[in-house]
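The values are calculated or read from the model by the stated rules, or taken from the named source; none is laboratory data. Note that the coordinates shown come from a computational prediction; the quantities given were computed from them, not determined experimentally. Cβ atoms come from the backbone with ideal geometry, glycine included; neighbour counts cover every protein chain shown. Calculation scope for accessible area: heavy atoms of the full protein, side chains included, ligands and nucleic acids excluded. Shrake-Rupley method; radii C 1.70, N 1.55, O 1.52, S 1.80 Å.
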Amino acid sequence: MAMSTLSQKPWWMEPENFDAPMVVYLEEEQEEQIFGHNDVHLRCIEVHSQTLIQLERRFTATGQTRVTVVGPPRARQWLMDMIWSLGNWDPYHQNQGREMLRRVQSRPLTQDDLAIPCRVCRTPTVRLRPSGRV
């Protein structure tokens, strides 16, 4: 049973975990990089980050996927940092994003993972670089 990082209740029993969902729009290639072909990594990312992720394909006129994430605020912020890093033009940040992706795909996030200061402290909707440059 997944427990909240701040209490002994399951994270989905904490109403504040559903306040202000994180919303991001991804190009198809970026979505596949993160969640895998046919979303093969989606469930493990949800379980390892203690979040619920909804993908709405071709949500925009340009065919982007709207990704909505609810869950503990620090986990949502960590995922936002990962997505931002993967979509960044800077190779250093891209490498950090790839390492974060490997981490959340392979094991549950720890308190230490979530304690790292956020790099992205912007509005919950971000626009990433054009796809094809990863």
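Please enumerate the residues belonging to the range 59-92 that are without any contact (Cβ under 8 Å) to a residue 40 or more places away in the chain, surrounded by fewer than 20 Cβ atoms within 10 Å (Cβ to Cβ) and under 14 Å from Gln30 (Cβ atoms). Within the range 59-92, Phe59, Thr60, Thr62, Gly63 qualify. As a summary of the residue check, Ile45 satisfies the conditions (1) closer than 21 Å to Gln111 by Cβ; (2) open to solvent by 10 Å² or more (accessible area, probe 1.4 Å); (3) at pLDDT 95 or above except for the one numbered (2). In this structure, is Leu101 within 15 Å of Leu42 (Cβ to Cβ), within 11 Å of the chain's Cα centre (by Cα), modelled with pLDDT of 95 or more and not aromatic (Phe, Trp, Tyr)? Spelling it out, Leu101 is indeed within 15 Å of Leu42 (Cβ to Cβ), within 11 Å of the chain's Cα centre (by Cα), modelled with pLDDT of 95 or more and not aromatic (Phe, Trp, Tyr). Residues in the range 4-18 that are within 13 Å of Arg76 (Cβ to Cβ), at pLDDT 85 or above and open to solvent by 30 Å² or more (accessible area, probe 1.4 Å): Glu16, Phe18.
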